[in-house]
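Each remark here refers to the structure printed beneath this line.
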Amino acid sequence: MTDVARVVVVTGASGFVATELVTQLLHKGYTVRGTVRSTKNAEKTAHLRALGEVFAGKLDLHEADLLQDGSFDDVVQGAYYVFHTASPYQLGVEDPENELVKPAKEGTLNLLKSVAKSKDTVKRVVLTSSFAAMVKVSKGPADGKLYRDTDWNDESKADKDGGYLYSKTVAEKTAWEFCKEHGIDLVTINPTAVFGPVISKRADGTSVKQIKGIIEHTASSVSPWACDLQDVGRAHVLAAEVPKAHGRYLVTWPKLLNGKEVMQVLAKRFPQYKFPEDVSDSDSKEYADVSKLEKELGMTITPWQTSFIDMATSLIAHGVAKPVQA
Ligand SMILES: NC(=O)c1ccc[n+]([C@@H]2O[C@H](COP(=O)([O-])OP(=O)(O)OC[C@H]3O[C@@H](n4cnc5c(N)ncnc54)[C@H](OP(=O)(O)O)[C@@H]3O)[C@@H](O)[C@H]2O)c1
């Protein structure tokens, strides 16, 4: 019989962030039940099947949809930790209410209702929330200086610009309310824009589209609020494993990312390719306090240079991004 302490669920396992999390969990010896919308979608699941061959018998794929009642009941039953990453991450969509807010909020509720039915085994839920649920684009952080785990986004709306930010805020609030009411142990991970090496050849995720765009000169900005993919994976695992972990964890590089410096680092590493020169700039000032993450989870933040070099290397190697010759 499988030891229940080692069985975990990752929703949206085929996504950019979840693929990294699944990989880290497999390396740590967990048995992973990953949910995907369709097990028949080869383009989205090929990399997970390859991982399943390396970690034989340790990764099962289950179909589940955020908008389908009871979709997660079976997969959650008997699990020990549940990582809820599935949520649409697309910017500037036409119908934010139906494309983002509804799946984010109702999907979180659906998942948590399944957890409530399996409370005898599920020890903790780790929700992939976002800095989107903390940031106040016009007002700035509550203390006027640094964003921290206590900041809440109270200004985004379900419109074209703010739809994604709003969807993550509403989903996280819904999760806290439901878990309080049902006695579920919840921890949230709130990353800024995530960058790091890809395992999959998918090109439809927002993080991948941004760096593919930079490499192919179809984009000229990098989010100034950003963090490392492997750090985000580690934060999820530690948030589940560390008994005293609680509340929200902002995962980010504490200083604003300067797009020009990112281009310089890429140009130095890949002298054979050209990178855009007219990119967004920033003053690299400190804007976030990550001491809770460092103190309570014992995390050390990976230098941003590593993340961008590794991401560009993997996107080019997988043929996802076609670089421009120098
Ligand atoms: N990447 C970032 O910069 C970033 C930053 C902060 C927080 N996050 C959060 O991290 C999580 C993953 O994002 P990501 O960057 O990895 O994006 P992604 O690659 O687009 O992954 C999104 C995942 O959500 C799943 N999903 C979307 N709609 C669904 C539905 N109706 N039913 C079931 N699954 C559904 C997708 O399934 P398919 O594989 O079938 O498409 C995919 O697995 C999200 O919660 C996002 O808000 C991301």
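The values are calculated or read from the model by the stated rules, or taken from the named source; none is laboratory data. Nothing here was measured: the structure is a model prediction, and the numbers come from that model. No Cβ is skipped: glycine too gets one built from the backbone with ideal geometry, and neighbour counts run over all protein chains shown. These accessible areas exclude ligands, DNA and RNA; they are computed on the full protein's heavy atoms, side chains included. Shrake-Rupley method; radii C 1.70, N 1.55, O 1.52, S 1.80 Å.
The table below lists the values:
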quantity	calculated
Helix-derived mean residue ellipticity, 222 nm - over the chain, DSSP H n ≥ 4, -39500 (n - 2.57), to 500	-11500 deg cm²/dmol
Ranked by how many other beta carbons lie within 10 Å on average, peptides 111-119, 267-275 from highest	111-119, 267-275
Cα-centred dipole magnitude for region 158-219, charges only on beta-carbon of K, R (+1) and D, E (-1), debye, nearest 20	300 debye
Mean accessible surface per residue for the chain, computed with a 1.4 Å probe while every protein chain stays in place, in Å²	44 Å²
Placed amide H near E63: partners under 5 Å, 5+ positions off or other chain	V36
Average Cα contact separation per residue, region 235-326, under 8 Å, 6 or more apart, as relative contact order %	36 percent
Alpha-carbon spread of the chain, three principal axes, descending order, Å	57, 47, 40
Packing rank of 124-137, 88-101, where each peptide gets the mean count of other beta carbons within 10 Å, highest leading	124-137, 88-101
Relative contact order %, region 121-206, counting alpha carbon pairs below 8 Å whose residues are six or more apart	41 percent
Over region 175-229: Kirkwood hydrodynamic radius from C-alpha pairwise inverse distances, Å	13.7 Å
Selected from S207, Y164, G298, residue furthest toward positive end of dipole (the chain; charges at beta carbon)	G298
Selected from T31, T313, T169 as most flexible by GNM, with the chain as the system and alpha-carbon contacts under 10 Å	T313
For W304, solvent-accessible area (1.4 Å; no DNA, RNA or ligand), Å²	40 Å²
Sequence ranges 240-246, 260-266, ranked by mean other-Cβ count within 10 angstrom, highest first	260-266, 240-246
Cα long-axis angle, helix 304-317 against the chain (0 to 90 degrees, to the nearest 10)	90 degrees
Whether region 44-100 is rounded, prolate or oblate, judged on the alpha carbon gyration tensor where a/c under 1.5 counts as rounded	oblate
Relative contact order (percent, whole number), the chain, Cα cutoff 8 Å, 6+ residue spacing	17 percent
Theoretical gain in end-to-end length, A50 to K145 [0.36 nm per residue, Cα-Cα removed]	29.7 nm
Check: the chain dipole with +1 on Lys, Arg Cβ and -1 on Asp, Glu Cβ, in debye	600 debye
Pair-distance profile P(r), taking every C-alpha pair of region 215-326, with 10 angstrom steps and integer %	13, 39, 29, 16, 3, 0
Region 280-326-region 123-185 distance, computed between alpha-carbon centres (Å)	22 Å
